[in-house]
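Notes follow once the structure below has been shown.
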Ligand SMILES: NC(=O)c1ccc[n+]([C@@H]2O[C@H](COP(=O)([O-])OP(=O)(O)OC[C@H]3O[C@@H](n4cnc5c(N)ncnc54)[C@H](OP(=O)(O)O)[C@@H]3O)[C@@H](O)[C@H]2O)c1
């Protein structure tokens, strides 16, 4: 039996567990399980790997996306630049390979880290982008925003960041005036505002200045139409929630684990 799982703490609701268990059932995959593996301290990771030699891949969530990198043998260039890992491939060497690499013992594993949020965001955003160049406004400057910044740079999209803790390089919410809204036709919510059950919450921007030329992308996926997206849609903007990004990153994890 091949085991996959999610490390983080605390692990309450998990999209991943539901997603992979549904996938195994739908696709008739009978030799795999996906489990929640709560780790209060990331220092517990080596013990977990030793106790579960059947583990082949892990997802990583809050608060270990950065701390886990200390335990990895390889980190993809994307994950290095984003400075966060959300997917780990556990590579097992067979005893002969291990012997020739000078390793003692047959249970030596190598851990390779990736950031698949980058892939999910890029692939879900690209089809929505207009041909002409546009500027983006990124709301929030937390962990998920870093994957967004990486993709926007890669796609050569100029962007400004709006933060409650605005520095000289960022805007405060008070500075987001009609001109700022008119100049930034792509607005991306990377804050958790609007997530179930607090579904009435949304970032404080002047929604009345949005137009049909705007594209609003919300990383939040539950509910499907957040207050942020509802307000954009009411002004004729194109809207996109975070579900496709989530599914794309989940499928990318699966591809990484099985290649
Ligand atoms: N769809 C997907 O595949 C996907 C992937 C990753 C994450 N997500 C979602 O993206 C969201 C953000 O994730 P994260 O890990 O980056 O979360 P986070 O670190 O907790 O929050 C991100 C940022 O949001 C801002 N923020 C937080 N609470 C706020 C509030 N009450 N009012 C205004 N701004 C607030 C903060 O930025 P400032 O302090 O700079 O204002 C914070 O750093 C979550 O809802 C997560 O579920 C979705």
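Values in this text are rule-based calculations from the coordinates and carry no lab data. Remember, predicted model here, so these are calculated numbers, not experimental data. Neighbour counts are summed over all protein chains in view; Cβ atoms, including those assigned to glycine, are modelled from backbone coordinates with ideal geometry.
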Mean Cβ count within 10 Å, highest first, over the residues of peptides 130-140, 83-93, 158-168: 83-93, 130-140, 158-168
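Which order do the peptides 182-191, 26-35 take when ranked by the mean count of other beta-carbon atoms within 10 Å per residue, highest first?
182-191, 26-35
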Nearest 0.05, what FRET efficiency do residue 70 and residue 234 give at R0 = 35 Å with Cβ-Cβ as r? 0.15
Between residue 50 and residue 30, with labels modelled 7 Å along Cα→Cβ, what's the label distance in nm to one decimal, could you check? 3.5 nm
A chain fully extended from residue 92 to residue 201 at 0.36 nm per residue, minus the present Cα-Cα distance, gains in nm 34.7 nm
May I ask you to compute the full-extension gain from residue 18 to residue 255, defined as 0.36 nm times their residue separation minus their alpha-carbon distance, rounded to one decimal in nm? 83.5 nm
What spacing in nm lies between the two simple spin-label points modelled at residue 164 and residue 80, each 7 Å away from Cα in the Cβ direction? 3.5 nm
Roughly speaking, what % of Cα-Cα pairs in segment 192-257 are separated by over 15 Å, rounded to a whole number? 54 percent
Segment 2-114: C-alpha gyration tensor shape, a/c 1.5 cut-off, then a/b vs b/c: oblate
Pairing the Cα long axis of helix 143-154 with the longest principal axis of the chain, what angle in degrees results, from 0 to 90 and rounded to the nearest 10? 80 degrees
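Based on the mean of other beta carbon atoms within 10 Å per residue, what is the order of 147-153, 233-239, most packed first?
147-153, 233-239
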One would report the Cα pair-distance distribution of segment 117-192, bin width 5 Å, in %, as 3, 15, 28, 27, 16, 9, 1
So, with points 7 Å from each Cα along the Cβ direction, the residue 2-residue 153 label distance in nm works out to 3.3 nm
Rg and Dmax of segment 120-245, Cα atoms only, in Å: 13.1, 38
How are the C-alpha pair distances of the chain spread across 5 Å bins, as whole percents from the shortest bin up? 1, 6, 12, 16, 17, 15, 11, 9, 6, 4, 2, 1, 1, 0
FRET efficiency estimate (nearest 0.05) - Cβ-Cβ, residue 213 to residue 174, R0 30 angstrom: 0.80
